[in-house]
Structure formats: structure tokens, C-alpha cells
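Reviewing the structure listed below.
Read-outs: derived from the displayed coordinates by stated rules, not from any lab. Predicted model, so just to flag it, every value in this text is computed and none were measured. Here the Cβ is made from the backbone with ideal geometry for all residues, glycine too, and neighbour counts use every protein chain on show.
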Amino acid sequence: MKTHSVPAAFQAANLEAMESRAWELRLYVAGPTPKSLAAFRNIEKVCEEHLAGRYSIEVVDLKSDPRLAQRDQILAVPTLVRNLPAPIRKFIGAMSDTRRVLDALGLPGEDADLLPKLNGGNDV
């Protein structure tokens, strides 16, 4: 199986395109529980640090209307759904692990600049 490396210029252009888009997120919760409130606070913190001014978060309380879970096929809460930019991505579970939230959203984390160094300076 042949693998291809992605040139750094392409990676930079792709990241720039992602950074210029609006981000639409939907957080499914079951009432205003401490876990739900903590999930929202952490997602909001991540968005402010990485997407400042370019995101919206809709909170959907399934306790008040469980039928809303069908829209995104929600099986557990809390669930974070990234509707935009495409493709749609879902993250289920505790939102307290910032690294996992960044991965779920498809955002580079604080250690993203280490990747080229770990690969011997070669394009990834």
C-alpha cells in the first residue's frame, strides 16, 4: 500500500480555510445538571480560545422534548454535534478533556506545532 505525504503548504491552506468558516455546534443535554453545565462551559471555553467570534452553540434539552434527539440520532448525553463546517461530527461523553474536544471538532491543539518536529521535520 502506497502512502502519500501531504505538503505543508496544503495543510496550511486547509487550516486557513477551516479558520475562516462559521462553526455551528449543537450540545444535547438532559436538563441543567452539573455535568451538562460543565460540558457547556468547557465547550464555550474551547470555542473562545480557538474559534473566537466564529461559532454558535445551540443547547438542546432533551428532558423538555425527547423527540428532538431524533434529528441527530442522539443516543446518549451529553453529545456535541458539529454541523458546520462539514462533515458533521459527533462527540459523546464528558466534555472536560479539552484535547478530546479539540480532536472531536477537528481543531488542531496546542501541541499541533510539535508534529513536524516529531516526524523529523518532514511534511506530514
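Between residue 37 and residue 49, the simple spin-label model (points 7 angstrom out along Cα→Cβ) gives 2.2 nm.
Taking the beta-carbon count within 10 Å as an exposure proxy, list 28, 55 from fewest neighbours to most. Numbers along the way, then the final one.
On the way: 28 25, 55 20.
Listing 28, 55 from fewest to most nearby Cβ atoms yields 55, 28.
Shape class of region 18-66 from the alpha-carbon gyration tensor: oblate, with a/c at 1.5 or above and b/c at least as large as a/b. Sequence-ordered 3J(HN,Hα) estimates for region 52-60 from the Karplus curve with 6.51, -1.76 and 1.60 and θ = phi - 60° stand at 3, x, 10, 9, 9, 10, 9, 9, 10 Hz, glycine and proline given as x.
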